[in-house]
Amino acid sequence: MKTFYWLVKREFWETKGGFFWAPIVTGIVFLVLNGMALIVGEVFGRRGGDHWQGFRIGGQGLHADLAPDQVAQIGAGIDIMFYAVASIILCVTAIVVFFYALGSLYDDRRDRSILFWKSLPISDTSTVLSKLASALFVAPAIAVVVGVLVALGMAVIIAIAAALHGVGLWALLMASHPIRVVLNLILLIPLYALWALPTVGWLMLCSAWARSKPFLWAVVLPIAAGVLVSWFDMLGVPGLSSGWFWPNVVLRLFGGLMPGSWLMLGEPSSLAGLDHHDPAALLDGMNLAFHYSTLANPTLWIGVIAGVAMVAGAIWFRRWRDDS
Amino acid sequence: MTAVVTATGLTKRYKSSLALDGASFQIGPGRIVGLIGPNGAGKTTALKAILGLTTFDGHLDVLGLDPRKERDKLMEQVCFIADVAVLPRWLKVRDAVDFVANTHPRFDRAKCDAFLARTKLQPEQKVKQLSKGMIVQLHLALVMSIDAKLLILDEPTLGLDILYRKQFYQTLLEDYFDEEKTILVTTHQVEEIEHILTDLMFIRDGKIVLDTDMDSLGERFSEVLVGAELASAARELKPLDERQVFGKSIFLFDNVSRPQLEQLGEVRRPSIGDLFVATMKGTYA
């Protein structure tokens, strides 16, 4: 266990730039841009005179006397903002993790530092699993925390702007639930990990197997397969469906890291039944139970099984690939 | 005493070539063995087999373990430095020590800190900021702080200046080596390790062509400086090699009795380098 902890720590040392600084820098850029946009809005709003409608959050205009249910809607609107901002950060991390997984078992073979790591009494299984854990748990956890901090920063900026209009937004911020948002996002990480397992497994398998250019293999192979299937499909070969193959194989192999991409499951997508005009109801509809209902879908579990097999393949190649 | 490494019929075939061709050898404890061979003779493949980094045919026993099956356990007792600059460039000196200290059960941190205190290495430096010589100092400090039974060095001083090279072997001898430990080293800079070796193995085309300890090497091989008038007599004794220096010939003999040779001229012990050149004649032809 101690060894595993240090292995994960080693991954963090190596990828601090991607796992830690990339979300933070993105967050800062995001806040600065939004701050600038708000100032532009203020300036034009003042010039525009009477057309200024004021802020609207959660479908509610901000004014002095709000009914309690309106306050609740505004709170829900701010919560959605939290989720949205965190999603942006999670998307950045998803891209970082994509390239991290692709390089995880390849880079040290290329620069031969694998010879140093292999001189230590650490099994290849622990090594590969520590990289897997970094990709599926450590990186998303950092992104969630950074994302919510950025969202809080965003809330402060909005509150300052609202205060300029004599609206006391602080009271309204109290109607939001940042801690619940963090908790929900953290609790979603296990689902995210299960869903992204085939993608990360595939990338790591390519990383452990490729003698060069793992990116090309990881991306070109599934796409080429997809094109072939589509081609045969067009020719009318029975038993092949490109409409099934692309989303269920090609996209799962390298799109599974996109946060919330399990929501695209099902036909029509499970998002369709939600009311987009009522923030509070929308939030209620997208609670943890809603997300975790994905577990009932065999597609997820087939992906998990494929992912486990590919990780096992990555371990095997890590042990026996002999080219350094 | 039980051998540290026993190889019997060690064979490794790559797609197009035979890297190891039934090599057999034995390495005892407390020895410093030089494994010397031309480029592509199979040195590195042999070391990789011992370290469990590659598959092979034949039988190989390292400290009672099969490196193919029990690599993780084996690496607690075996250390290796493969070439310079295999330490990852992003690693900090401090983190390297921390990591090994927490993952290697036989690592002695105090020892490592003492070794590092003798160098100019700073804890916050990253490997990419270090010179080649300093990287080796770091790697050597890490490895020497591990109480292992077998140390494997594959061209450990390649590309280092002479100060670092001398210091490397001196440190190994003074602060690391004892009768409990075994060192197996490959290098092209034969003359630098000549005086520290206890045993010598030549490898050529995947086969061990010479396997001897340094004492019997002196008894078996002799070099004789012969004047022109006795040169033909010397040739009749079937020398391994002949070369000309200042109008005289230097002959290298294998297993010819010393009194017989002393009649021809001045007899001395050949250097490993000369012996190597004579043994490997025609390798690249």
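Quick notes
- Based on alpha carbons, the Rg and Dmax found for region B:1-136 are 17.6, 48 Å.
- Along each principal axis, taking the top coordinate minus the bottom one, the Cα set of the protein assembly as shown gives 120, 65, 45 Å in descending order.
- Label-to-label distance, A:V156 versus B:L173, with points set 7 angstrom from Cα along the beta-carbon direction: 6.4 nm.
- Taking 18 Å as the cut-off, the amide N atoms of region B:45-83 that come nearer than this to a point 7 Å along the Cα-to-beta-carbon line of B:T8 belong to B:50, B:56-69.
- Under 29 Å of direct C-alpha separation, and excluding same-chain neighbours fewer than eight residues apart, B:K207 reaches these lysines: A:K118, B:K12, B:K15, B:K43, B:K48, B:K69, B:K73, B:K149, B:K181, B:K238, B:K281.
- Projecting label points 7 angstrom from Cα along Cα→Cβ for B:E194 and A:H165 puts them 8.9 nm apart.
- Extending 7 Å from the Cα toward the beta-carbon at both A:L187 and B:E180 defines two label points whose distance is 5.5 nm.
- For region B:15-138, the dipole from Cβ point charges (+1 on Lys and Arg, -1 on Asp and Glu) about the Cα centre works out to 500 debye, to the nearest 20.
- Shielding score for B:48-58, defined as the mean number of other chain Cβ atoms within 10 Å: 2
- Remark: mean inter-chain Cβ contacts per residue of B:98-108 equal 4, using a 10 Å Cβ-Cβ cutoff to other protein chain atoms.
- Compactness index (Cα Rg / 2.2 N^0.38 Å), region B:102-248: 1.42
- Computed E for B:S271/A:T125 - FRET, C-beta separation, R0 45 angstrom, nearest 0.05: 0.40
- Peptides B:235-247, B:183-195 ordered by packing proxy, namely the average of other Cβ atoms within 10 Å per residue, highest first: B:183-195, B:235-247.
- Peptides A:94-102, B:276-284 ranked from most to least packed by the mean count of surrounding Cβ atoms within 10 Å: A:94-102, B:276-284.
- A dipole drawn for chain A from +1 and -1 charges on Cβ atoms has a positive end, and of A:G75, A:V181, A:I114 the residue lying farthest that way is A:I114.
- Computed over the alpha carbons of chain B, Rg followed by Dmax gives 21.2, 69 Å.
- Peptide B:66-76 shows a mean partner chain C-beta count of 2 within 10 Å per residue C-beta.
- When the Cα convex hull of region A:16-320 is projected onto planes of every orientation, the mean area is 19.9 nm².
- Shape analysis of region B:208-285 based on the Cα gyration tensor places the equivalent ellipsoid semi-axes at 20, 16, 10 Å, largest first.
- Only the Cβ atoms of Lys and Arg (+1) and of Asp and Glu (-1) were treated as charged; on that basis the dipole of chain B about its Cα centre amounts to roughly 1040 debye.
- Shown is the FRET efficiency for A:K16 and B:R109, computed with R0 = 22 Å from the Cβ-Cβ distance and rounded to the nearest 0.05: 0.40.
- Full extension of the chain between A:I39 and A:V219 gives 60.6 nm of extra length, using 0.36 nm per residue less the Cα-Cα distance.
- For region A:157-216 versus region B:1-48, the spacing of their alpha-carbon centroids is 53 Å.
Since every read-out is calculated from the coordinates, none of them should be taken as a lab result. Keep in mind that what you see is a predicted model, and the values were worked out from it rather than measured. When we count neighbours, we look across all protein chains shown, and the Cβ atoms used for this are built from the backbone with ideal geometry, even at glycine.
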